[in-house]
Amino acid sequence: MTDKLQIMVVDDEEIVRESLSDWLQHAGYGACMAPDGATAIEMARSGNWSAMLVDLKMPQVDGLEVLRQVRSLRPEVPIIIITAYATVDTAVQAMKDGAYDYIVKPFDPEEIGMLLSKIAQHQKLLAENVFLKKELSKRYTFHDLIGKSPAMQEVFEFIRTVAPTRSTVLIEGESGTGKEMLARAIHQSSPRNDGPFVAVSCGALTDTLIEAELFGHEKGAFTGAVCARKGKFEEADGGTLFLDEIAEVGLKCQVDLLRVLQEREVQKVGGSGSTKVDVRIIAATNKNLKEEVKSGRFREDLFYRLNVIAITVPPLRNRREDVSLLATHFLHKYNIECGKSVQRISEDTLAALIEHDWPGNVRELENVVERAVVVAKTNLLTPAELPAHFRKSSEGADDARLVSSLRSLRDVEKLHVTRILADNDWNVQQSAKILQIDRVTLYNKIKKYGLSREK
Ligand SMILES: Nc1ncnc2c1ncn2[C@@H]1O[C@H](COP(=O)(O)OP(=O)(O)OP(=O)(O)O)[C@@H](O)[C@H]1O
Ligand SMILES: [Mg+2]
């Protein structure tokens, strides 16, 4: 296939059809002709068209019918309606039915040329967008983790190197930075990924219980131990054991852990024999474990056993480049989960998200986006959907100042229409819906105020 735009010209008058096709071919487009509506619909069904130029008034199947049928067959093909001045009202109907635009006879071919190059530009953008999204998702993800900041890229690169080994890993990072996700990603990209990934939250259990949990216990080892049970170490045999919140483990249990790590065998609580285990250990903490060692709360020898490979996940405020990528990712995630179809996050909303300091890191960002998707009433996320502390107090004042500096209603309307269009990425249908006017009215306002995307 060539990369020329393929245009279908639909007109019952041979002279119009042919002169238009000639002009198009001259201007570098591919052109095909259809002498009536039924043929046009058939051709639309089977071919690949960049755009269609359709005469409104044709016997039998008229332009509006072609428009309706092609819109449902091939919604991606833009249709330009050609109309005589006398039928402009029907052209308005055509716009309502989803025509890309209309042109009134007699027309200057240049006018069509301009419309077609606008269509070409738009289609190029769409194609680029799809391509970029694919590229981005390849480059900026590692298993379920997302991050394009140099800091996260470095973390991903490091994991790629260390994951295949059996070495113990210590992950440090503030709450909600993705430590558990990282541990899972390491397991996933290791040769043990067929084996189990077992997570133990050490902070949630008392010292006695944690020992029984980790190493297992014999029947009657303590009150309530009505039968013997395997511990997490044995459960994780052949796979990975994730010791979350490792700093919370008491000193007595630290001694036992150290022994297991050294000898790679576990002894059940209340038992005498020991069992060999083949487990990779990944530990995580939101404390600075070195500091815990200094203050005597964590054994130095255990620290060195765990700290073979150290990874620090940077807090979100130190990698603001990741915010918009993550926010967009969560937008998709919660659209699906909540059955919504919010398309985009407005520029000022993104700016507010990027500026925030994120004490709760990625988890907090995820919660904020989830809430916004749930409360959103349109398909654009605006600062109104963010929790109150995200909205800057000066925002309203700036707006008021700008509006009061404008004199006429016309200026205020022009500013408002421009803003809504910009916020909606120049999607006319969506903007018209928000402005509560129909597309044609909005279209007329765009023409009246001479608005264009660049301004
Ligand atoms: N890089 C990332 N890409 C995508 N989602 C992420 C990323 N980091 C974190 N998340 C999201 O944030 C949530 C919290 O991540 P996770 O539980 O791994 O953090 P954590 O560091 O273990 O937190 P805590 O210290 O509170 O246990 C996850 O459920 C995940 O949805
Ligand atoms: Mg965690």
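Quick rundown of the values:
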{"read-out": "Count - residues of the stretch 10-28 that are in a loop (DSSP other than H, G, I, E, B) and surrounded by 20 or more Cβ atoms within 10 Å (Cβ to Cβ)", "value": "1"}
{"read-out": "Enumeration of residues in the stretch 157-180 that are surrounded by fewer than 19 Cβ atoms within 10 Å (Cβ to Cβ), within 9 Å of ligand 1 (Cβ to nearest atom) and within 22 Å of Asp278 (Cα to Cα)", "value": "Glu180"}
{"read-out": "Residue check for Arg317: at pLDDT 90 or above, under 30 Å from Ala221 (Cβ atoms) and in a helix (DSSP H, G or I)", "value": "no"}
{"read-out": "Enumeration of residues in the stretch 200-251 that are hydroxyl-bearing (Ser, Thr, Tyr) and either within 16 Å of ligand 1 (Cβ to nearest atom) or crowded, with 19+ Cβ neighbours inside 10 Å (or both)", "value": "Ser201, Thr240"}
{"read-out": "Selected residue [over 18 Å from Gly176 (Cβ atoms) and part of a helix (DSSP H, G or I)] from Asp301, Asp322", "value": "Asp301"}
{"read-out": "Qualifying residue in the stretch 137-156 (condition: modelled with pLDDT of 90 or more, more than 12 Å from ligand 1 (Cβ to nearest atom) and surrounded by fewer than 15 Cβ atoms within 10 Å (Cβ to Cβ))", "value": "yes"}
{"read-out": "Positions within the stretch 232-278 being of a type in the set (A, V, I, L, M, F, W, C), closer than 26 Å to Gln188 by Cα and away from ligand 2 (no atom under 16 Å from the Cβ), in sequence order", "value": "Phe233, Ala236, Leu257, Leu258, Val260, Leu261, Val266, Val277"}
{"read-out": "Index of the failed condition, Ser341 passing every other in (1) out of contact with any strand residue (DSSP E or B) (no Cβ under 6 Å at 6 or more places or on another chain); (2) in a helix (DSSP H, G or I)", "value": "(2)"}
{"read-out": "Filter result for the condition that a residue is farther than 30 Å from Ile146 by Cβ and touching a residue at least 60 places away in the same chain (Cβ under 8 Å), over Leu261, Leu302", "value": "Leu261"}
{"read-out": "Restricting the stretch 84-123 to residues that are outside any loop (DSSP other than H, G, I, E, B) and among the hydroxyl-bearing types (Ser, Thr, Tyr), the residue that is modelled with the lowest pLDDT", "value": "Tyr85"}
{"read-out": "Among residues of the stretch 156-197, those that are hydrophobic (A, V, I, L, M, F, W, C) and within 16 Å of ligand 2 (Cβ to nearest atom), counted", "value": "9"}
{"read-out": "Qualifying positions in the stretch 42-65 - under 22 Å from Ala120 (Cα atoms) and part of a helix (DSSP H, G or I)", "value": "Met43, Ala44, Arg45, Ser46"}
{"read-out": "Test: residue in the stretch 364-385 that is at pLDDT below 85 and either assigned by TED's automatic domain parsing to the domain that holds Lys96 or not aliphatic (A, V, I, L, M) (or both)", "value": "yes"}
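The values are calculated or read from the model by the stated rules, or taken from the named source; none is laboratory data. Remember, predicted model here, so these are calculated numbers, not experimental data. FYI the Cβ positions are ideal-geometry reconstructions off the backbone, even for glycines, and counts take in every protein chain you see.
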